[in-house]
Structures are given as structure tokens and as C-alpha cells.
1. What's the FRET efficiency of Val58 with Glu179 using the Cβ-Cβ distance as r and R₀ = 22 Å, to the nearest 0.05?
2. Using a simple charge model, +1 on the beta-carbon of Lys and Arg, -1 on the beta-carbon of Asp and Glu, nothing else, what dipole does the chain show about its Cα centre, in debye to the nearest 20?
3. Order these by the 10 Å Cβ neighbour count, fewest first: Asp197, Asp134.
4. Give a residue-ordered list of calculated ³J(HN,Hα) values for the stretch 76-85 (Karplus: 6.51 cos²θ - 1.76 cosθ + 1.60, θ = phi - 60°; whole Hz; x for Gly, Pro).
5. Scan around Ala160 for amide H atoms under 5 Å from its own, H built in the peptide plane at 1.01 Å from N, and keep only partners 5 or more places away or cross-chain.
6. Determine, at each q value in 0.15 (inverse angstroms), the log₁₀ of I(q)/I(0) that the Debye formula gives when each Cα of the chain is one equal point scatterer.
7. Scan the chain and report its longest stretch carrying no trypsin sites (Lys or Arg not before Pro) that are both in a DSSP loop and have at most 10 other Cβ atoms within 10 Å.
8. Are there any GluC sites (Glu not before Pro) in the stretch 53-160 that are in a DSSP loop and have at most 10 other Cβ atoms within 10 Å? List them by number.
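Throughout, read-outs are computed from the coordinates displayed, never taken from laboratory work. Remember, it's a predicted structure, so these values are computed and weren't measured experimentally. Note that we place each Cβ from the backbone using ideal geometry, even for glycine, and neighbour counts take in every protein chain shown.
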Amino acid sequence: MFNHARGLWGYTGRGRDGDLLTVQSTGIGGPSAAIVVEELIALGARTLVRIGTCGALVGDLAMGELVVARSAIGADGTSRALGVDGTVEADAPLTDALAGGPMAGRSRYREVTAVTTDLFYEERREVTRASWVDAGAKVVEMETATLLALARRRGVAAGAMLAVTDLLTGGERTRMGREEMEGLGARLGEAAWSALDAGDRY
């Protein structure tokens, strides 16, 4: 463990392949993530994978399903301040590795467009889930567009693997239980690491 400032715990060491691996919390939302990502890049990080949770905006995503963000719509202030006007793309080779990693089994993880927002409990009338879906989003979360925008600006590879922990269809929010969510977090980490471990570039 090398960091616990402001409750943002960070660990670094050697992965199974002998390369350096850092696992670092970014906190919630784009502003916090932007600070952490900038400092990780300054310390030498060149491949960044966000693992975290998301809410499903469409009915064909299941609770607990892992998805890979091919792109993110910047509906948050931080990514817009970083120059995102619409959609920002993830690193293609890294995303391919995440989507088709060995833990995906016989089929690849589903690829989606995420929408990044500032509010967990969205109540603005001018912002509707339907408008996000119309723009191509299948999931909503709070950090991916910021990560991808910073990676593009700094010339490093970035991608995101997300777990569906909230269902936001039908006008109601259904949330996964805490214990199940903790187990899902471990599964996310193992899936992301397996993709990195198997990739030629990473």
C-alpha cells in the first residue's frame, strides 16, 4: 500500500508477468478522477483501466453483467472542460483485449457506449434517460469520459470495464446488494487483469 490520502487507497507491486501494476481508487466523479489520473500519468502510468459500476439504461443488460466501454458520451462538466464535445473513444487495442479477454469465456464481453454524468441521482428535467439512449448510450456512470479525455490529451492508453449494479429501466432504480457488489468488484478486477496479462501490448 503506497497511498491512503483522502481515503483514496492505492496499492502497487508486480503483476504475475513481473511488470509493475498499480491499483488506485479515484473517488467518485470526474473532478476527483481527473486529479488521480493526472498524477498517475505523471508517475509513469501508460495503460489505464477503469473498473467500476454502472447503471443499465436499456432492458437487455442484466444485473451483474460485465460490459466494456468502447466510447463515452461526455455529459459531465469535467470531460467537457477537457475538450469533450460529444463522444470520446477508448483505446482500441486495449478495448479489444478487455472485451475478448480469457475470462470472457466462449463469448466476448458486450461492448457499449457509456454516458458519464455528474449526478448519481439525476432529477434534471432537461436530462432524460431516453435522450441518452437516443444518443447511443446503454449504461450511465460518473468517470469514464474524464479518464478517456485525459488519456487522449496525455497520449496514453485507457479503457473501461464496468459491472451493472443498477437497473434504471421502467422509471425505477433497482440496486444490487452490498455483499453481492463487493464480490462483483473482485470479479471485475480479475477480468481486467486477465485481459492485460494476455495482451501483447500490455
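1. The computed FRET efficiency comes out at 0.25.
2. On the way: 22 positive and 27 negative charges, 46 e Å.
Computed about the Cα centre, the dipole is about 220 debye.
3. Asp134, Asp197
4. These are the phi-based 3J(HN,Hα) values: 10, x, 5, 5, 5, 5, 8, x, 7, 10 Hz.
5. Placed amide hydrogens put Arg50, Ala69 under 5 Å from Ala160.
6. -0.91
7. Answer from the scan: 17-105.
8. Values: sites: Glu65, Glu89, Glu111, Glu122, Glu123, Glu126, Glu141, Glu143; in loops: Glu65, Glu122, Glu123, Glu126, Glu143.
Passing sites in the stretch 53-160 are Glu123, Glu126.
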